[in-house]
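Colleague: I have a structure here, written as structure tokens, and I will follow up with some questions on it.
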């Protein structure tokens, strides 16, 4: 975030129960942006948890999401355009209103008068912000007049927070970082994983069988949804299971399984799957998708770091264990641009400690000769390559498998010199890119 606009106090966000205002979608978007930046709440939750959100028409909900997501895709550029016109640091909500207003004017082709008038109206709704309505009116009118010129002087690299930009440039180079910034600025396509032998909706077929749709609309209205022919899953998230080859009849533990894409893949491939996760609500979604796709898996609610297999209390009971570990999820910014602003450097270390604990727990469940898969959707090497290096020092009974000969996507650059997979968001960029992902597999000696 531009330091000029950063509020150090970060007061607790409040639940909004207002009746549907005239500019309902914009109201929801502004409050959603505020809650992401103040509380670190994921954008989807910050939007959908508002009482007003459920009162909106489907079209208005989509508009609210589009406005808020555009703010996070273009935050750096928006702030650079706003900076010359904002003389005093606004409150969190007033700043969110300015950003959502500017996003509409600069990137969404919203008529300027509509964006300006709606933003002013939102601030006038409350006594606490009414005094800032005049400021917003003046600032956004300046954005309307001078914004395009100022915008031309910015770069998509401005939209990646400095600490992440520095980290990614050091890890992957300036050119790669620039290409990732270009992917952030674009709306991503929708990826579907079809059941084996099912064609799925008409779309582009990517390597590995993923179906890519340029524009999804209402997912539930797509052909095959009710029949359970497919599920939503980014091509990157589908890689770990695809790298396993034939798994029919094998006993597989999917640790931290929710939201369940890998569980569905494993079950569809004929494995005997145990899906383990401590979040019961998220596991309900896994159950719903299993029922819809007519697939089966054992669902277990439990802490993966402590869970014991009832069939093998001492461990060593699974042919394959997959750990898609909790992480900063920085690789998912194409679909979740807010993640770049809800995470902090300190989150990497705290999550890395959790990953280390879970990886050791996962190793306990692998049978001799079995396979352990570790993966994260993070672009931070602390959550990938460095995690693996430490694990190998602690567990000499595991051998790192080389993925150099398994070119699952037709792109050799994904395999590292050590034989792990490091997928970057700008891979397949001519087709819309893919989530950043890290994968390493081991065999227990």
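The values are calculated or read from the model by the stated rules, or taken from the named source; none is laboratory data. These numbers were taken from a predicted model, which means no experiment stands behind them. Cβ placement follows ideal geometry from the backbone for every residue including glycine, while neighbour counts extend to all protein chains displayed.
Colleague: Assess whether residue 150 counts as being touching a helix residue (DSSP H, G or I) at 6+ places or on another chain (Cβ under 6 Å), within 29 Å of residue 426 (Cα to Cα) and surrounded by 15 or more Cβ atoms within 10 Å (Cβ to Cβ).
Modeller: yes
The rows are residues; the columns are (1) closer than 30 Å to residue 156 by Cα; (2) assigned to a loop (DSSP other than H, G, I, E, B).
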residue	(1), (2)
358	no, no
362	no, no
382	yes, no
387	no, no
396	no, yes
430	yes, no
438	yes, no
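Colleague: Another one. Of all residues in segment 267-298, how many are under 22 Å from residue 319 (Cα atoms), touching a residue at least 40 places away in the same chain (Cβ under 8 Å) and not in a loop (DSSP other than H, G, I, E, B)?
Modeller: Adding up the residues that qualify gives 2.
Colleague: Would segment 304-322 turn up any residue that is assigned to a loop (DSSP other than H, G, I, E, B) and under 19 Å from residue 235 (Cα atoms)?
Modeller: Of segment 304-322, the ones assigned to a loop (DSSP other than H, G, I, E, B) are 304-308, 310-311, 313-317.
Filter again for under 19 Å from residue 235 (Cα atoms), leaving none.
No, every residue in segment 304-322 fails to be assigned to a loop (DSSP other than H, G, I, E, B) and under 19 Å from residue 235 (Cα atoms).
Colleague: Another question about this same structure. Within segment 175-188, can you find the residues that are surrounded by fewer than 20 Cβ atoms within 10 Å (Cβ to Cβ) and either in contact with a helix residue (DSSP H, G or I) (Cβ under 6 Å, 6 or more places away or on another chain) or within 17 Å of residue 427 (Cβ to Cβ) (or both)?
Modeller: Listed by number, the residues that qualify are 175, 176, 178, 179, 182, 185, 186.
Colleague: What number of residues within segment 116-138 satisfy the criterion of being buried (at least 22 other Cβ atoms within 10 Å of the Cβ) and either touching a residue at least 60 places away in the same chain (Cβ under 8 Å) or within 13 Å of residue 90 (Cα to Cα) (or both)?
Modeller: The qualifying residues number 6.
Colleague: Further question on the same structure: For segment 382-429, how many residues meet the condition of being at positive phi and crowded, with 17+ Cβ neighbours inside 10 Å?
Modeller: Matching residues across segment 382-429 total 1.
Colleague: Looking at 341, 374 in this structure, which one is touching a residue at least 60 places away in the same chain (Cβ under 8 Å), closer than 24 Å to residue 184 by Cβ and either part of a loop (DSSP other than H, G, I, E, B) or touching a helix residue (DSSP H, G or I) at 6+ places or on another chain (Cβ under 7 Å) (or both)?
Modeller: 341
Colleague: Given the criteria assigned to a helix (DSSP H, G or I), outside the structural domain of residue 47 (by TED's automatic domain parsing), surrounded by fewer than 24 Cβ atoms within 10 Å (Cβ to Cβ) and out of contact with any strand residue (DSSP E or B) (no Cβ under 9 Å at 6 or more places or on another chain), does residue 353 qualify?
Modeller: yes
Colleague: Sticking with this one: Is there a residue being loosely packed, with under 15 Cβ neighbours inside 10 Å and in contact with a helix residue (DSSP H, G or I) (Cβ under 6 Å, 6 or more places away or on another chain) anywhere in segment 274-292?
Modeller: No, because not a single residue in segment 274-292 is loosely packed, with under 15 Cβ neighbours inside 10 Å and in contact with a helix residue (DSSP H, G or I) (Cβ under 6 Å, 6 or more places away or on another chain).
Colleague: Tell me yes or no: at least one residue of segment 165-173 is surrounded by fewer than 13 Cβ atoms within 10 Å (Cβ to Cβ) and either under 28 Å from residue 68 (Cα atoms) or touching a strand residue (DSSP E or B) at 6+ places or on another chain (Cβ under 9 Å) (or both).
Modeller: yes
Colleague: Find the residue count for segment 49-79, including only residues that are within 13 Å of residue 139 (Cα to Cα) and either surrounded by fewer than 17 Cβ atoms within 10 Å (Cβ to Cβ) or free of Cβ contacts under 8 Å to residues at least 60 places away in the same chain (or both).
Modeller: Residues meeting the conditions: 1.
Colleague: Does segment 326-334 include one or more residues that are more than 16 Å from the chain's Cα centre (by Cα), under 28 Å from residue 381 (Cα atoms) and surrounded by 22 or more Cβ atoms within 10 Å (Cβ to Cβ)?
Modeller: no
Colleague: Still on this model: Counting only residues that are over 19 Å from residue 118 (Cβ atoms) and part of a helix (DSSP H, G or I), how many does segment 28-57 have?
Modeller: Going through segment 28-57 one residue at a time, the tally reaches 11.
Colleague: Give, as residue ranges, the helices (runs of 4 or more DSSP H) completely inside segment 60-135 that count at least 3 residues that are farther than 22 Å from residue 159 by Cβ and either at pLDDT 95 or above or out of contact with any strand residue (DSSP E or B) (no Cβ under 8 Å at 6 or more places or on another chain) (or both). Explain how you work it out, then say what you get.
Modeller: Values: elements: 75-82, 92-107, 112-124.
Output list reads 112-124.
Colleague: Also, quick follow-up: I'm trying to understand the selection: among the residues of segment 226-249, which are in contact with a helix residue (DSSP H, G or I) (Cβ under 9 Å, 6 or more places away or on another chain) and under 15 Å from residue 372 (Cβ atoms)?
Modeller: 240, 241, 244, 247
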